[in-house]
1. Against the definition (surrounded by 10 or more Cβ atoms within 10 Å (Cβ to Cβ), assigned to a helix (DSSP H, G or I) and either at positive phi or in contact with a helix residue (DSSP H, G or I) (Cβ under 7 Å, 6 or more places away or on another chain) (or both)), how does residue 137 come out, yes or no?
2. Based on what the data block shows, is residue 51 over 18 Å from residue 198 (Cα atoms), β-branched (Val, Ile, Thr) and surrounded by 13 or more Cβ atoms within 10 Å (Cβ to Cβ)?
3. Sort out which residues of the range 98-122 are without any contact (Cβ under 8 Å) to a residue 40 or more places away in the chain and either among the acidic types (Asp, Glu) or touching a helix residue (DSSP H, G or I) at 6+ places or on another chain (Cβ under 7 Å) (or both), and write them in order of number.
4. Can you tell me which residues in the range 18-33 are open to solvent by less than 50 Å² (accessible area, probe 1.4 Å) and either modelled with pLDDT of 75 or more or over 17 Å from residue 67 (Cβ atoms) (or both)?
5. Filter the range 191-208 for residues that are free of Cβ contacts under 8 Å to residues at least 24 places away in the same chain and either part of a helix (DSSP H, G or I) or of a type in the set (Ser, Thr, Tyr) (or both) and give the result.
6. Check residue 45 against each of (1) open to solvent by 100 Å² or more (accessible area, probe 1.4 Å); (2) modelled with pLDDT under 80; (3) not in a helix (DSSP H, G or I) and name the one condition it does not meet.
7. Of a type outside the set (D, E, K, R), within 30 Å of residue 99 (Cβ to Cβ) and out of contact with any Ser or Thr (no Cβ under 6 Å at 6 or more places or on another chain): does that describe residue 193?
8. Of all residues in the range 144-189, which are under 30 Å from residue 109 (Cα atoms), open to solvent by less than 80 Å² (accessible area, probe 1.4 Å), touching a residue at least 12 places away in the same chain (Cβ under 8 Å) and not aliphatic (A, V, I, L, M)?
Amino acid sequence: MRNFKHKYLIAFLCLYLPVEAAYYRWTDDNGKTHYSYSVPASKSQLGHVVISKQGIETEKVISAKKKRQLKELADLRALKKQEADKENKIKEFQEAEDNLLLSVFSSKKELIKAYDSKLQLAQVTIDLLKGRHKKQSIKLEVLEQKHERMVDIKHKQALEKQIDVVLDNLKIYQQAITENLIEKDKVKGEFEITLARFQKLMVKSASE
């Protein structure tokens, strides 16, 4: 009934409009619908509908509030899509990692053996570096003792240069030892995670 009244009112008013005139329908802050030849400047942000002389809606301008809501909705959808894409990529990467893990190792024993070899190699490297560091430390001690006993200035200066080289070597070896210890700890952590993942995959494979 209400729509019928609106259509009747539009048709009636259109009879008195110029041929090229447009009519506007807009709603105020209280939800009341208005019809007029123009939209008040103070209400321009509320949105409106343009109606031709024939009573046909030719254009619909959404309100500023509706624009904000649509933008927020679009932003939210875009964010959700990004999160979904990210989750899918993580899932695909994990599946590829799982397939590789199962193709490389056929049993828990093989996996443990492989990581034991890695850890042993890391320890051999660390021991080698520690041995070289110790030799340089002994060499430094000998050079410093000679430096204390030596009287000749030229010979002292030559020894000081040798001492500087040894000190640089000690720094290099110490840094290498530290880096290899960190790497060994990473391998240990990787082993624990990989072993747990492998066991889970084996249980899943056995149940399928």
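The values are calculated or read from the model by the stated rules, or taken from the named source; none is laboratory data. As the structure is a computational prediction, the values presented were derived from the model and not from experiment. When we count neighbours, we look across all protein chains shown, and the Cβ atoms used for this are built from the backbone with ideal geometry, even at glycine. In case anyone asks, the SASA skips ligands and DNA or RNA and just uses the protein heavy atoms, side chains included. Shrake-Rupley method; radii C 1.70, N 1.55, O 1.52, S 1.80 Å.
1. Judged against the criteria, residue 137 is a match.
2. Taking the combined requirement at face value, the residue satisfies it.
3. 110, 116
4. Passing the criteria: 21, 22, 23, 28, 31, 33.
5. Within the range 191-208, 192, 193, 196, 200, 203, 204, 206, 207 qualify.
6. Of everything listed in (1) open to solvent by 100 Å² or more (accessible area, probe 1.4 Å); (2) modelled with pLDDT under 80; (3) not in a helix (DSSP H, G or I), residue 45 misses just condition (3).
7. So residue 193 passes the test.
8. Residues satisfying the conditions are 180, 184.
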